[in-house]
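Participant: Structure provided below as structure tokens; questions to follow.
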Amino acid sequence: MNKYNGLINIYKEQGFTSNDVVAKLRGILHQKKIGHTGTLDPDATGVLVVCLGTGTKLVEMLTDHDKEYIAVCKLGVTTDTQDMSGTVLTESEVHVTRQELHEAVQAFVGDYDQIPPMYSAIKQNGKKLYELAREGIEVERKPRKIHIGAITILDDSNLEKDNSFVMEIKCSKGTYIRTLCNDIGERLGCGAAMQNLMRTRVGAFALDSAVKLSQVEEMRDNGTLESIIKSPEYIFRDLDAIHVSDNCRVILENGNSFRRDNLVSEDPEGVNDKDFAKEMFSDGDMFRVYSEDDTFFGIYKYDARTKQFKVDKFFFEKN
């Protein structure tokens with residue numbers, strides 16, 4: 001049975017939790033070592049990057065990536081979950097002009113102290129907030145600093161008809177889009193709730209390359225699944241590559257440090273050119289490390305004091 005290692009861009013469909021997707025993939029791929037990189041609410045759709053095998057070492061790193069969403073926000077209503085799946089708490093008339101809407105939305109661009117919703121998986125005193133919320137308990141939550149890179153209103157043509165508008169949000173990790181909708185409504189004085197949400201990007205993974213679980217099953221059966229699994233090195237492609245001489249292969253395979261003079265003298269990418277070595281290798285610099293046959297071993301950090309490259313993230317597994 002194949003063991004899959006790497007990253008797969010799943011299109012999460014409505015009705016599934018992120019953990020449902022992981023559980024279904026474990027069944028489809030017949031392997032246990034699978035993890036997702038950022039929860040999407042059951043009603044939300046879109047990009048869910050899933051890590052397989054050695055790729056699970058990247059879960060934490062990918063969670064840190066910036067994300068992009070398209071959300072439908074409905075003005076004039078608030079709910080206990082801050083989206084339209086919850087119990088309606090208030091309803092108000094809406095008298096908001098397009099200019100007022102655009103100004104209110106732009107006020108959230110930049111750093112923003114966001115109070116997480118009660119219906120979230122954040123733990124407080126060992127208990128998830130949504131568990132407390134289901135018991136009717138509301139607790140004080142500390143605001144968390146998040147960053148909104150940009151908000152673009154894509155469609156406000158329904159503002160007068162049904163008090164809704166569509167926006168695209170580029171934001172940091174930890175951002176709750178339904179809370180953003182709620183806060184925009186508060187700023188406008190009429191309340192708001194999120195009506196629909198689609199995640200369109202996580203780091204380098206975009207919606208146009210996301211595949212549904214049914215497609216994963218088909219590709220497994222016709223032998224094409226490997227073609228959509230990105231190797232762990234994919235998210236490190238902004239780092240320079242260095243190649244290590246074959247006589248140090250055993251050192252590499254055991255995850256040990258190696259010296260600058262263990263590098264091959266000529267590198268196809270020019271990275272190991274000795275004329276550039278002094279400029280290239282500064283203390284703390286990170287590199288993708290390969291053997292001479294282009295086997296990816298991991299991410300290594302350069303220590304200028306010892307003139308050695310030390311492993312930071314190790315991905316190689318012996319067959």
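Participant: Name every residue in the stretch 17-41 that is part of a loop (DSSP other than H, G, I, E, B), of a type outside the set (Val, Ile, Thr) and touching a residue at least 60 places away in the same chain (Cβ under 8 Å), in order of residue number.
Facilitator: Of the residues in the stretch 17-41, the ones part of a loop (DSSP other than H, G, I, E, B) are 17, 30-33, 37-41.
The next check asks that each one be of a type outside the set (Val, Ile, Thr); those that pass are 30-33, 38, 40-41.
The answer is GLY38, LEU40, ASP41.
Participant: Report the residue count in the stretch 157-180 for those that are within 20 Å of THR45 (Cα to Cα) and in contact with a Leu (Cβ under 9 Å, 6 or more places away or on another chain). Lay out the reasoning, then the answer.
Facilitator: If we filter the stretch 157-180 for residues that are within 20 Å of THR45 (Cα to Cα), which is where we start, we get 164-180.
Narrowing further to those that are in contact with a Leu (Cβ under 9 Å, 6 or more places away or on another chain): 164-169, 171, 177-178.
Total satisfying the criteria: 9.
Participant: May I ask you to list the residues in the stretch 145-195 that are of a type in the set (Phe, Trp, Tyr) and closer than 21 Å to THR37 by Cβ?
Facilitator: Across the stretch 145-195, the qualifying residue is only TYR176.
Residue-wise test of (1) assigned by TED's automatic domain parsing to the domain that holds GLY76; (2) modelled with pLDDT of 95 or more; (3) β-branched (Val, Ile, Thr).
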site	(1), (2), (3)
ALA107	yes, yes, no
ILE122	yes, no, yes
GLY126	yes, no, no
PRO143	yes, no, no
ILE148	yes, yes, yes
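Participant: Of all residues in the stretch 235-259, which are buried (at least 16 other Cβ atoms within 10 Å of the Cβ) and part of a helix (DSSP H, G or I)?
Facilitator: ILE235, PHE236, CYS248, LEU252
Participant: Does THR179 satisfy being within 23 Å of SER85 (Cβ to Cβ) and touching a Pro at 6+ places or on another chain (Cβ under 6 Å)?
Facilitator: So THR179 passes the test.
Participant: Further question on the same structure: Could you tell me whether the stretch 153-163 includes any residue that is touching a residue at least 60 places away in the same chain (Cβ under 8 Å), surrounded by 15 or more Cβ atoms within 10 Å (Cβ to Cβ) and not aromatic (Phe, Trp, Tyr)?
Facilitator: Within the stretch 153-163, one or more residues are touching a residue at least 60 places away in the same chain (Cβ under 8 Å), surrounded by 15 or more Cβ atoms within 10 Å (Cβ to Cβ) and not aromatic (Phe, Trp, Tyr).
Participant: Under 14 Å from VAL77 (Cα atoms), surrounded by 13 or more Cβ atoms within 10 Å (Cβ to Cβ) and of a type outside the set (Gly, Ala, Ser): does that describe ARG187?
Facilitator: So ARG187 passes the test.
Participant: Hey, could you check the stretch 65-110 for residues that are in contact with a Ser or Thr (Cβ under 9 Å, 6 or more places away or on another chain) and of a type in the set (Asp, Glu) and say which is farthest from ASP208 (Cα to Cα)?
Facilitator: The selected residue is GLU91.
Participant: Another question about this same structure. For the stretch 68-80, does any single residue satisfy the condition of being assigned by TED's automatic domain parsing to the domain that holds ASP183, at pLDDT below 95 and outside any strand (DSSP E or B)?
Facilitator: yes
Participant: Further question: Determine whether the stretch 42-56 contains at least one residue that is buried (at least 22 other Cβ atoms within 10 Å of the Cβ) and either touching a Cys at 6+ places or on another chain (Cβ under 8 Å) or part of a loop (DSSP other than H, G, I, E, B) (or both).
Facilitator: yes
The values are calculated or read from the model by the stated rules, or taken from the named source; none is laboratory data. The shown structure was predicted, so the numbers you read here are calculated from the model rather than taken from an experiment. Positions of Cβ are generated from backbone atoms using ideal geometry, with glycine treated the same way; all protein chains shown enter the neighbour counts.
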